[in-house]
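These notes are about the structure you will find just below.
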Amino acid sequence: MTERTHEDQDERTAPAPIPSQPTETAEPTGTAPEEAARPGETPGASGVAALPVKPALEAVLMVVDEPATEEHLARVLGRERREISDALRELCEEYARQGRGFELRLVAGGWRFYTRPEYADAVESFVLDGQQARLTQAALETLAVVAYRQPVSRSRVSAVRGVNCDGVMRTLLQRGLVEEAGAEPETGAILYRTTHYFLERMGLRGLDELPELAPFLPEAEAVEGDSQEGVPSFDVDDSGDHSQTEH
């Protein structure tokens with residue numbers, strides 16, 4: 001009885017398991033808890049804040065479509081405004097010192113990349129490349145029909161010329177010589193007209209100064225338009241119908 005009593009006392013007085021051991025193994029090793037975002041900071045900006053500030057600014061400013069304010073840049077990059085302001089001005093000085101073809105300007109309260117004025121000729125050459133090429137005979141004829149019959153649909157232009165004018169009309173649209181002018185009430189076909197750029201290139205103050213060539217074109221009522229913007233067939237000879245297409 002005495003021995004059992006001592007054993008019971010030993011069991012009751014045995015040290016309890018240390019509760020801290022499972023707590024240490026429950027937390028993954030090598031990972032630190034994510035820092036809470038600062039007030040006004042964009043979610044996920046803690047990782048962005050680890051990036052070098054100048055390259056990050058350059059990357060963001062490459063894709064903006066309007067000047068970005070220092071406050072906005074500081075928020076999305078997770079930095080203080082003073083740090084962003086200093087970095088922007090340092091970039092301006094670096095670009096000027098290196099003689100780059102672009103510069104960083106503070107415009108309308110925000111920052112944005114602009115090309116340098118001394119390289120305007122190079123930019124103009126690139127932008128206008130291909131636009132100075134002469135129009136083909138087909139394009140000139142199509143443009144004449146639009147000028148004298150505007151607003152007019154593509155099917156009516158094709159009917160006047162006797163060939164499909166879709167490709168030529170796309171070229172004139174890309175050159176900025178014609179533009180859409182609503183839809184034809186009866187068929188829903190898109191109507192086209194000449195632009196101010198057309199008048200400028202032709203040296204005209206208005207359409208009333210166009211040469212008197214309209215009488216040589218058929219009246220619009222005499223041309224059967226196609227609601228599907230298709231091209232009607234034209235009888236060339238008794239052997240059958242043939243249609244032509246221009247590009």
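The values are calculated or read from the model by the stated rules, or taken from the named source; none is laboratory data. Owing to the predicted nature of the structure, the values given are computational and were not obtained by experimental measurement. Don't worry about glycine lacking a Cβ; one is built from the backbone with ideal geometry, like all the others, and counts go over all protein chains shown. Quick note on the areas: whole protein, heavy atoms, side chains included, nothing else; ligands and nucleic acids left out. Shrake-Rupley method; radii C 1.70, N 1.55, O 1.52, S 1.80 Å.
Some observations on this one:
- Measuring between their Cα centroids, the range 74-88 and the range 143-173 lie 55 Å from each other.
- Accessible-area value, Cys92, 1.4 Å probe, nucleic acids and ligands omitted, Å²: 30 Å²
- Loop GluC sites (Glu not before Pro), the range 131-217, which have at most 14 other Cβ atoms in a 10 Å radius of their Cβ (DSSP): Glu186, Glu212
- Phi to ³J(HN,Hα) by Karplus 6.51 cos²θ - 1.76 cosθ + 1.60 over the range 172-187, Hz, x for Gly, Pro: 5, 5, 5, 6, x, 8, 10, 8, 6, 9, x, 10, 6, x, 6, 10
- Between Leu140 and Glu186, the FRET efficiency estimated from the beta carbon spacing at R0 = 25 angstrom works out to 0.30.
- Amide H partners (placed H, <5 Å) of Ala183, local residues excluded: Leu191
- Highest mean packing comes first when the peptides 190-199, 155-164, 59-68 are listed by Cβ atoms within 10 Å, giving 155-164, 190-199, 59-68.
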